[in-house]
Amino acid sequence: MARRESKHFPSRRRRSQAGIALILLAVDASSTHRDEVSVRAHVADALAAGAEHADILEVGELASIVGMHT
């Protein structure tokens, strides 16, 4: 019997897709990379994979402090 995906508990595959999109977002949003086109694409991918707006904001906050110490 196949497991059904619910709105509140996404499947493991969707969670990992969202995680990958968030990691790529962090790389592209960092002060050393700053690729606006890729940032937009990774935000869209993360949202489509089930990431929440709070997740994206947190990644942006963390990516923004990377350049403070370099």
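Going by the structure shown, is Arg15 surrounded by fewer than 17 Cβ atoms within 10 Å (Cβ to Cβ) and modelled with pLDDT under 90? So Arg15 passes the test. The residue of region 28-47 that is farthest from Arg15 (Cα to Cα), among those that are touching a residue at least 24 places away in the same chain (Cβ under 8 Å) and open to solvent by 60 Å² or more (accessible area, probe 1.4 Å), is Thr32. Confirm whether Ile65 is modelled with pLDDT of 85 or more, open to solvent by 40 Å² or more (accessible area, probe 1.4 Å) and of a type outside the set (S, T, N, Q). When the stated conditions are applied, Ile65 does not pass them.
Considering region 51-62, and only residues there that are in contact with a helix residue (DSSP H, G or I) (Cβ under 7 Å, 6 or more places away or on another chain) and open to solvent by 40 Å² or more (accessible area, probe 1.4 Å), the residue that is farthest from Gln17 (Cα to Cα) turns out to be Leu62.
The values are calculated or read from the model by the stated rules, or taken from the named source; none is laboratory data. Note that the coordinates shown come from a computational prediction; the quantities given were computed from them, not determined experimentally. Positions of Cβ are backbone-derived with ideal geometry, glycine not excepted, and every protein chain shown enters the neighbour counts. Please note that ligands, DNA and RNA were not included when accessible areas were found on the heavy atoms of the full protein model with its side chains. Shrake-Rupley method; radii C 1.70, N 1.55, O 1.52, S 1.80 Å.
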